[in-house]
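First the structure, in the form of structure tokens, and then the observations on it.
Values quoted throughout were computed directly from the atomic coordinates according to the rules given, and no laboratory measurement underlies them. Remember, it's a predicted structure, so these values are computed and weren't measured experimentally. Using ideal geometry, Cβ is built from the backbone for each residue, glycine included, and neighbour counts are taken over all protein chains shown.
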Amino acid sequence: MTVAPAVDRINRADWASAFRNVEQELTDVALTPVRGSVPSALLGTLYRNGPGRLERGGQRVHHPFDGDGMITALRFSGDGVKLSNRFVRTAGWLAEEAAGKVLYRGVFGSQKPGGVAANALDLRLKNIANTGVVQLGDDLLALWEAAEPHALDPVTLETRGISLLGGVLKKAEAFSAHPRFDPGHHDRPRMVNFGVKTGPRSTIRLMEFATESDAAAGIKAGDLLSERRDSFNGFAFLHDFAITPNWAVFLQNAVEFNPLPFVLGKRGAAQCLQSKPDGQAKFWLIPRDCGAFAGEKPRIIDAPDGFVFHHLNAWEQDGDVVVESIYYADFPSIGPDVDFTAVDFDLIPEGLLEQCRINLKTGRVETRRLSERCCEFAMVNPNKEGLPCRFAWMAAAAREQGNDPLQVIKKLDLSTGERLIWSAAPHGFVSEPLMVPRPGAESEDDGWVLELLWNGAREASDLVILDASDLSELAVFELPLAIPHGLHGSWVTAA
């Protein structure tokens, strides 16, 4: 089969047009669908985080992941849908706004003006708060995994400042941008998250927080319920993890970190990572303190070759732990001399969904490919997190094989392999879809999929609401805002 080059398969100008600064901050702008209508039972707020400033003082970031975080909120109520957005007022953002120029280096290769001489030995990193956003207690948290979260007002989106979560964190302590939400496998719903301190030997701090208040138990939403620390051999590059009722499942990618080019001002910290050709990836299974194996030592098991950013889900079956992840053949990166808008998709490995069944007694791992279509940002029904699921929703490439920008939403039947596709092609490019269960739903796929996409035809963003069961289009909003390709989001149901 002959595959057309990327220049013929996709409209690069449409895709690249999203990489721009957000030029306005809106407050409660009423939106009207251009097609369809909003389901009456869909009540709550969709929050999205991602880089909103990609250029300052005439200098563009080397990689979008170095852009300053901006939160978008879309509120669904009986009065309709309203849009607000705010930049996170981090200390670095405020300093650079006042200076009108770049003052900090970026993890993914962005440099200060002045070349190597100006960047050498400057190891400061700006907390850009651009990766995840969740509500915990009375705060909306903007997350960036290399440092502590920023607290925002959930309604106005005004920045309250750095949050140490009531003393749980130390200043500048890492707190992952990819928490997992336990829907209530044990005594109560929980937010499970981690921080990692890396080095030749890495330490994971696993933390669990109450997401609901319980006056009888003296527990408030946001309270720390449990924590533990475990150390492992090797450098840990961890963005995501998965949970089951009894385990927190981490995959230590076989990578190594050479800090010298970063110290000498030649590369960003993330550009100093590379796969270890003779390395061995490992599953680190840490017992949760609320589970059946509380207090026991972690299980360390050899994992398949490949690189993983994101996991779909994990669960337990007949004593085994099953985890589904998006695997890349190698660590995908953009070199210091490559313009990210001109990246060659044919030279970057695609992400493919795979399932690993881990036998805890023998250490044997059985793997199987669940889909051959390039995908990212996959999720299951959040009420089924940590349990066996039949359905998954994800962003995917328009063609069935090979690497391309994400242009379709895919629903995959994990049992049969059957799939449904909703396409934004040729001019639309999708981001992480969020599946929102219908209140009181009994079926796993009864609910909606919310998708914030880039519409290259009008160089702005659209909000699309799909029926989660068949991906039929229920409503489309053309937003009066141009939001760059983003990262993670969350849904908060109306109280």
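Placing a pseudo-label 7 Å from each Cα along the Cα-to-Cβ vector at SER415 and ASP446 gives an inter-label distance of 1.6 nm. Amide H contacts for LYS220 (H built 1.01 Å from N in the peptide plane; partners 5 or more residues away or on another chain; cut-off under 5 Å): ASP214. Given a Förster distance of 35 Å, report the FRET efficiency between SER226 and ASP330 from their Cβ-Cβ distance, rounded to the nearest 0.05. E between SER226 and ASP330, to the nearest 0.05, is 0.45. Here the label points at GLU478 and ASP122, each 7 Å from Cα along the C-beta direction, are separated by 4.3 nm in the simple model. Step through the residues of the range 11-24 one at a time and calculate ³J(HN,Hα) from phi using the Karplus curve (6.51 cos²θ - 1.76 cosθ + 1.60, θ = phi - 60°), rounding each to whole Hz and writing x for Gly and Pro. Going residue by residue, I get 8, 4, 4, 4, 5, 6, 5, 6, 7, 8, 6, 7, 9, 8 Hz, with x marking Gly and Pro. Per-residue ellipticity at 222 nm from helix content only, as computed over the chain with -39500 (n - 2.57) for each DSSP H run of at least four residues, stands at -1000 deg cm²/dmol. Backbone amide hydrogens, once placed in the peptide plane, bring ALA460 within less than 5 Å of ASN455, excluding anything fewer than 5 places away on its chain. Label-to-label distance, ARG20 versus ASP214, with points set 7 angstrom from Cα along the beta-carbon direction: 5.0 nm.
Where does the range 6-493 land on the Kirkwood hydrodynamic radius, alpha-carbon pairs, in angstrom? Working shown, then result.
On the way: mean 1/r = 0.0436 Å⁻¹.
Radius from the Kirkwood sum: 23.0 Å.
GluC sites (Glu not before Pro) within the range 343-406: which are DSSP loop residues with at most 11 other Cβ atoms inside 10 Å?
Details: sites: GLU350, GLU354, GLU366, GLU372, GLU376, GLU385, GLU400; in loops: GLU350, GLU372, GLU385, GLU400.
Filter output for the range 343-406: empty list.
Which GluC sites (Glu not before Pro) from the range 436-495 combine a DSSP loop assignment with at most 15 other Cβ atoms within 10 Å? List each step's numbers first, then the result.
Numbers: sites: GLU442, GLU444, GLU451, GLU459, GLU473, GLU478; in loops: GLU442, GLU444, GLU459.
Sparse-neighbourhood loop GluC sites (Glu not before Pro): GLU442, GLU459.
A simple rule links phi to the HN-Hα coupling: the Karplus curve 6.51 cos²θ - 1.76 cosθ + 1.60 with θ = phi - 60°, which for the range 159-166 gives 6, 8, x, 4, 10, 9, 6, x Hz, with x for Gly and Pro.
Full extension of the chain between LYS101 and ASN258 gives 53.6 nm of extra length, using 0.36 nm per residue less the Cα-Cα distance.
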